[in-house]
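For reference, the structure discussed in these notes is given below.
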C-alpha cells in the first residue's frame, strides 16, 4: 500500500513529546513490511542543520489561505526506507519555537494541512491511506472529505486519524479558521466542525476521518467516558465502531542497554553489573550521595498535573523520609520547577532536578535508576514505562490508559508481574506502593532482580502493533 503520515513532529528530526517517537518508529517498520511509506512534516528552524543539508529541494507552489497566497517549498530526505517531505514556509515555521507562542497556531497548521493535500498531485504520490496524527493534522481528513474528495486524484483516498493525547485539541475562533481555510457557514454545526462555539482541529479529524485510532486499548475505552473524554466523549461514543486502540511500541534498537552509546556502561539481563555502575555514575553526575544501597527513583517527562506531579507534591516529605533518592528530568509548569528547585536544596544529596529536554541524560536515568515513577492522572499510552523496563528499571505506575495495558503489579503469591501499580488517583495510595517497592529493594532483592529481568525480556517493539495498523489499513481500503 501507499501510506502517507502527516504529523507536526517526528524523530530524529524534531521532538517535543511521544508523538515524534511514534511517527519516527512506526514508519520504518511499515516500510520494512513492503509498503511505500512517506511522511510530511513542517520544516522547522529547529531541525538540525545536519539533516537540513541532506534535504533535496523537490518543488514549490502557492497555498491559498483565504485572501492570502503563501509560498510552500517541498524538500525531501530518504532514511531507513521512508521518504520524508518537509514543507517549507519561513513565516510559519522559521521561528525559534515549535508550538504555541505566536497566537496564530490555527493559521500555521491550517497552512500545513492545506499544503499536505495540495502537494500530493504535484509529487505524483497518491496514498491509499492518509494517516493523520493529533490535532495539528486534524484538518487534513476534514479538508480531504469536504473540499477535495470530488476531484479524481483524491477520490478513494481513505483516512485514519490517531489521537495521541485528547487533552490537546487545537481550539480556535470559528471566524479565524473560516477565513484561513474557506470553510462555509453550513459546516459550523455541532454535528460537523463547531465545538462549544469554537473551531476544534481535533474534532475535525474525529468527525471526517474514515477511522480513528488511539495509542492503547485502555485509553480507547477511557475516552468514551465523560471523565477522560475531554468534552468529546459523545462524539467518540458515536464513532465507537470505527475506533481502534493500538498499543505504541518503542525503537528497540535505540533503547537497548546492550548497545546504547549514551549510557555510562552497557549491560544485559544476563549480566546486570553494568546497571550498578550506571547507578553509581548517575549519582555522581547529579550530585546525589553515591550509595548502591539507597534506592534511586527516576521521573522523566513533562512537569504537569497530567503526569501525577500533584501527588508527588503532596507526599514528597514522606517519600524523602524513606531514605530514597529522587531524580527528576523535564520541563513544564512553574509550580513544579519551583517545587523541585526548592526540594533539591532542601534534600541535598537526596533529590536532583534538571529542567531541560536532555535526551542523553534521559537515557542515563533509564539505565541508572532502580525504579521509574509514573503516577499519571491519565496516560494515553506512555513510552517511558516501556523504556524503563527495557533498561531493567522497575516501573511504579497508576493503572490508567497504556500504563494499565503494559505494567502488571507484582503478585507475591505466584510471582507474576513486571512492576508495581496503584489504582486510585490518591497520593497516599501512591506512597503505599512506593513503600512496597522499596521493601523488596531492601528485604528481597531476588524479587527485584526477577522483575528487572522480566521487564528486559518483554517485547516492546513495533512488530505486533505495526501489524495491527496494517489490518486497519486493509479494512479501510479492501487491500490485502
Once you have a ≥ b ≥ c as the square roots of the Cα gyration tensor eigenvalues for the range 1-155, tell me rounded if a/c is under 1.5, and otherwise prolate or oblate according to whether a/b is larger than b/c.
rounded
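Could you tell me what percent of the DSSP beta bridges with both partners in the range 1-117 are antiparallel, to the nearest 5?
Numbers: 17 of 27 bridges.
Of those bridges, close to 65 percent are antiparallel.
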Quick one: helix 427-443 against the long Cα principal axis of the chain, what's the angle to the nearest 10°, folded into 0 to 90?
50
The value for the range 273-457 (convex hull of the alpha-carbon atoms, volume per residue, Å³) is 104
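How long are the semi-axes of the equivalent ellipsoid of the chain, defined as square roots of 5 times the Cα gyration tensor eigenvalues? Whole Å, largest first. Working shown, then result.
Details: eigenvalues 329, 105, 96 Å².
For the chain, the ellipsoid semi-axes come out as 41, 23, 22 Å.
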Against the longest principal axis of the chain, how steep is helix 309-320, in degrees 0 to 90 to the nearest 10, with axes from Cα atoms?
10
If you fit an axis through the alpha-carbon atoms of helix 463-477 and take the longest principal axis of the Cα set of the chain, what angle between them do you get, 0 to 90°, nearest 10?
20
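How do 422, 111 rank when sorted from fewest to most other Cβ atoms within 10 Å of their own Cβ? Show your work: numbers first, answer last.
On the way: 422 21, 111 24.
Taking fewest neighbouring Cβ atoms as first place, the list is 422, 111.
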Would you calculate the convex hull of the Cα atoms in the range 61-120 and tell me its volume per residue in Å³?
96
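May I ask what percent, to the nearest 5, of DSSP beta bridges between residues of the chain are antiparallel? Please list the in-between numbers first.
On the way: 21 of 67 bridges.
Within the chain, antiparallel bridges account for around 30 percent of the total.
Every number here is computed from the coordinates shown, using simple stated rules; none is lab data. Since this is a predicted model, take the numbers as computed values, not measurements. Reconstructed Cβ throughout: ideal geometry from the backbone, glycine too, with neighbour counts over all protein chains shown.
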